[in-house]
1. Among the residues of the stretch 289-334 satisfying the criterion of being in contact with a helix residue (DSSP H, G or I) (Cβ under 8 Å, 6 or more places away or on another chain) and within 16 Å of the ligand (Cβ to nearest atom), which is modelled with the highest pLDDT?
2. For the list (1) at pLDDT 95 or above; (2) part of a loop (DSSP other than H, G, I, E, B); (3) more than 37 Å from the chain's Cα centre (by Cα), I need the number of the one condition that Arg743 fails.
3. Please verify whether Ile662 is crowded, with 21+ Cβ neighbours inside 10 Å, within 16 Å of the ligand (Cβ to nearest atom) and within 19 Å of the chain's Cα centre (by Cα), treating the condition exactly as stated.
4. Any idea how many residues of the stretch 771-828 are basic (Lys, Arg), assigned to a helix (DSSP H, G or I), over 30 Å from Cys142 (Cβ atoms) and touching a Ser or Thr at 6+ places or on another chain (Cβ under 9 Å)?
5. From Ser74, Ser94, Ser86, which residue is within 16 Å of the ligand (Cβ to nearest atom), touching a residue at least 40 places away in the same chain (Cβ under 8 Å) and among the polar types (S, T, N, Q)?
6. If I filter the stretch 674-685 for residues that are among the polar types (S, T, N, Q) and more than 21 Å from Ile572 (Cα to Cα), do I get at least one hit?
7. Could you run through the stretch 354-391 and say how many residues are under 21 Å from Leu298 (Cβ atoms), away from the ligand (no atom under 16 Å from the Cβ) and buried (at least 22 other Cβ atoms within 10 Å of the Cβ)?
8. Go through the stretch 1-95 and tell me which helices (runs of 4 or more DSSP H), entirely inside it, have 3 or more residues that are within 30 Å of Ala140 (Cβ to Cβ).
Amino acid sequence: MGADHLAHKELLWKLSSTYLPNDVGSLQRSLVRHVEYTLARRRYKLDDNTFYQATAHSVRDRLIERWTDTQQYSAKVGAKKVYYLSLEFLIGRSLGNAVSNLGLRGAYAEALRQIGYNLEDIMSEEKEPALGNGGLGRLASCFLDTLATQNYPAWGYGIRYKYGMFEQRILNGQQVEFPDYWLTDGNPWEVERLDVQYPVRLFGHVREFKDQEGNTRYAWQGGEVVMAQAYDTPIPGYGTYNTNNMRLWSSKPSHEFDLASFNAGNYYGAVEAKERCESITSVLYPNDATDEGKRLRLKQQYFFVSATLQDIFRRFKKSVGRTATTKIQDMPKKVAIQLNDTHPAIAIPELMRLLLDVEYLSWEEAWEISRNVFAYTNHTILPEAMEKWSVPMITELLPRHMQIIYEINHRFLLEVQKLWPNDDTRLSAMSIIEESTPKMVRMSNLAVIGSHTVNGVAMIHTKLLKSTLFPDFLLMWPEKFINVTNGVTPRRWLLQANPALSSIYTGMVGPGWVNDLKRLEPIKTMAQDALFRQRWRAAKQTNKNAVVDWLYKTMGIQVNPNALFDMQVKRIHEYKRQLLNVLGIVHRYAEITQATPEQRNQMVPRVCIMAGKAAPGYVMAKNLIMLVCAVSEVVNADAACRDLLKVIFIPNFNVSLAELLIPASDVSQHISTAGLEASGTGNMKFVMNGGLIVGTMDGANIEIAQAIGEHNMFTFGAKASEVAAIRRTMSHHPPKIDPRLQRATQMIRSGVFGKPKDGEYHQLLDAIDPHKDVYLTAQDFPSYLRAMDEADAQFQLEEKWTAKCIESACSMWMFSSDRTIREYAAKIWNVEPLPFRPPKHQN
Ligand code: GPV
């Protein structure tokens, strides 16, 4: 190395090694510089959107310095990394999260204020990326926030869909889907890595040959090659320099591909083929917990997995090169891959293919590595959600993977036969291949067999997972199955979403609660303090007023700010039983209209808010939305209800709306048929924000009740252990219908809320006929009403109610994703935090 070279290096280091200054004046100069030079705008007459862009770029500069330093540091140390593979990341808006995690919210607010802008207004200019459906995608994003905050070396990998979750509008009382092209204004939070591209093969054939040692080897050849282009987004931790990476892939045509097709003289055909390449990452499939089995979806999954594994492999091999002692067999010491449900499970045969066909390892060696790298999280036991791909489809699209899956299965079934000779029933239940026509590949069986650990997401869910979904696998590998109860990040769901409550917390215990939620526990005793309860109520009222203003401004609806705010906001699904909620509302409406003025005076005013998207092909879910809208129209127009009852369906529920609504709820509903909601995470967010739950003993509700005390939750309904027996008896001994349910359904059937021409309401109500009430809606109706009445009664006891809210909210530490991630790190990944401290900085 020459002296010149060293001098250059030193100068370069000097030029780049200081962190940007964060005083108000410097932030202002950075904002103006971005307006002028990044956005190429004049300095006067700027709208909020321009200033959003400039602010985002200014914040991004500050993220980037921490991000590159963190990445360089973890590469240097050679630490084990976690890779969270997910087809969905529901990140929500980034600006507020970034300034808050960087500790620069105050400074930016002041910098903007002095030049005539309001940070909150600027923040609401950001278009929310909706690259996920619901709970599963949002969980992935909470995890990324915690991983960075706790200084774990971890990357998220996913797809950069051009069209995210559709935009839901309500037209003529029905859901209509509109494309969500979220990139119209560009995306200042991502960096396109033109130097990070990988070829991904599809179709083609497998060639068999002998290697030098005479072993039979396989090569996958021909077919089409698509390119995967990396886009990186920095994920800042809260109160730390560590900034992790979320790498999303976008598909584009490869040059080889271009030339071949164009040379064939088929111009139109070639252009069409190019379009097909780009279509792979064009749209997020809008099915939540249901499997569509579409070919393009399998292409998406494989495309994503192939690019991701090439990338992980390249990074790992680079680190092997750095230390002479590490070899490919050490991959599990450096790499932990978490599969977010079975959506990325094709990664298992893909890693096997890389180890066998590219690295030339033996099957045994490859399998050992692969199994120690992967772990799988299951998020549902609903049969309609179990991913299955037809053997002919995989054979056509991924011929080599089909071979490998057969080989995995063959070797696995030999083991099963050794354990249980002549047990064909067990053999066919455990097989990766379902012997149907056509044959199907069960991705969940593949994921279980190919992972070292399988986890459920709440205690009851893990229990059911073991007993109903994988009982045979449990016998074979009892230690493989563990529970890791979900959690949510207090940064987005408290600190950002609820400044009013957050400042109370910080005033009481200092700012440390934000990454150590246990510190709120002592505040529980303050539930006995009348003055504190008053401050608590004031914070809740502030949040309710914000919703009141928003409803008036955006929907023109006026609501009573003192009413009980009741919310059910989540994907529309039969098992989540929004129908139970609507039937309860219709019952309440009937009660109000039949009440005397004196009785009305005794009633607790309610604002019932519902929101959520229905999968475009899910008829029952769409019918449900229709019914809610119709009920809302009639009830809200009825003078008898005035201040007593308002019913509102808020269109286009997303992360930003959740941040507005959740802090304002008095009661929220988590009322799935027991045993069917794996965990739920909205339930956690509502309670953390000082709301109470009306809920079934399902998913994480059970653990929440345990943590906050059962007296603080309005529980009802059949228990999971009772559901099967109830279903069995109902066909021959249908239960008597509750007269109040009878009246409510009668009102709906008779046209009080209109008569849609295709009998949509009849379809909904036929499904709760007591003979075949699959989701136990009629069954649970009476106890549901009892729970609702109890909530009404308690709500009137204002002081006692507030005490309940305080006690509950301050008992929620175990539902912080910080606790969740610590468990994953210790029980599954075996990784340690690696805090990065900058060598030199001037703030
Ligand atoms: I599988 N979940 C989801 O949002 N989408 C899916 O495709 C599947 C599961 C949800 C479950 O329904 C929730 O109960 C759970 O809280 C969430 O995943 C996160 O684990």
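The values are calculated or read from the model by the stated rules, or taken from the named source; none is laboratory data. As the structure is a prediction and not an experimental result, all values here were calculated from the model. Positions of Cβ are generated from backbone atoms using ideal geometry, with glycine treated the same way; all protein chains shown enter the neighbour counts.
1. So, considering only residues that are in contact with a helix residue (DSSP H, G or I) (Cβ under 8 Å, 6 or more places away or on another chain) and within 16 Å of the ligand (Cβ to nearest atom), the one modelled with the highest pLDDT is Leu298.
2. That leaves (2) as the condition not met.
3. In short, yes.
4. So the answer is 0.
5. Only one candidate passes the filter, namely Ser86.
6. Checking the stretch 674-685: not a single residue is among the polar types (S, T, N, Q) and more than 21 Å from Ile572 (Cα to Cα).
7. Counting residues in the stretch 354-391 that are under 21 Å from Leu298 (Cβ atoms), away from the ligand (no atom under 16 Å from the Cβ) and buried (at least 22 other Cβ atoms within 10 Å of the Cβ) gives 2.
8. Filter on the stretch 1-95 gives 48-77.
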